[in-house]
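See structure below.
The values are calculated or read from the model by the stated rules, or taken from the named source; none is laboratory data. Treat the numbers as computed from the prediction; the structure is a model and nothing was measured. As a convention, Cβ positions derive from the backbone with ideal geometry for all residues, glycine included, and neighbour counts pool all protein chains shown.
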Amino acid sequence: MKFKLFKSDGSVSGDMEIGKFPILQAGKGVDALRQVIIAVHANQRQGNACTKLRSEVSGSGKKIYRQKGLGVGRVGDKKAIQRRGGGVIFGPRPKSYNQKVNRKVKHLALGRALCDHATAENISLIEEWEVSEPKTRIFDQILKSIYPNSKKLLVVADSFSDSVGRAAANLPHARLGRAVDVGAMDIVQADRIIFSIKGIEMVLAKFHKQQ
């Protein structure tokens, strides 16, 4: 599959053919991608909401009123669930929302995400990520020369120098991602992706290794 290739300063260099890029039939892997996205969101939930049961509320267990004669009913002690400050019945308790996703499902989801972005022409390549000095303005000019209207841009490389990291730190519309850490969720959340040559080679190597 061919992608547009840019130089380090953002100028056009031509097209580059990338072999062994995942190509899937229409509809294949959509459910896997959906499952991975749901699992990522579920695994981010803390699940630490907690209410106290009647046995956990502090205070005396003595009946507030005697059983008969006062016309206030059989109210029990102040820990009763119908009283303010009492226990809570069927309230939230700490729990884990974690969902396990199999390796083959993750692999298929990554292939689907890459294939969709490539088909939509949302992927470009750059020779190498370099800046003359760690200035946000310089890095932003490189990005805008490639994708001027992108609002969620994913920048991928095998590794980033300190200068590039500092230059990209204050950009709200761009995010750096190391190739070894990039997953299907990262790709789906971006509207445009710029890979370095080494970055896309590493992502594809990881993709084919999972097979």
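Here are the numbers for this structure:
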quantity	calculated
Residue identified as at pLDDT below 90, hydrophobic (A, V, I, L, M, F, W, C), surrounded by 11 or more Cβ atoms within 10 Å (Cβ to Cβ) and not assigned by TED's automatic domain parsing to the domain that holds Ile193 among Val57, Val88, Val75	Val75
Any chance Leu110 is assigned by TED's automatic domain parsing to the domain that holds Val203, in a helix (DSSP H, G or I) and either crowded, with 17+ Cβ neighbours inside 10 Å or among the charged types (D, E, K, R) (or both)	yes
Filter result (in contact with a helix residue (DSSP H, G or I) (Cβ under 6 Å, 6 or more places away or on another chain) and surrounded by fewer than 15 Cβ atoms within 10 Å (Cβ to Cβ)) within segment 155-205	Asn170
Residue check for Ile138: touching a His at 6+ places or on another chain (Cβ under 7 Å) and not hydroxyl-bearing (Ser, Thr, Tyr)	no
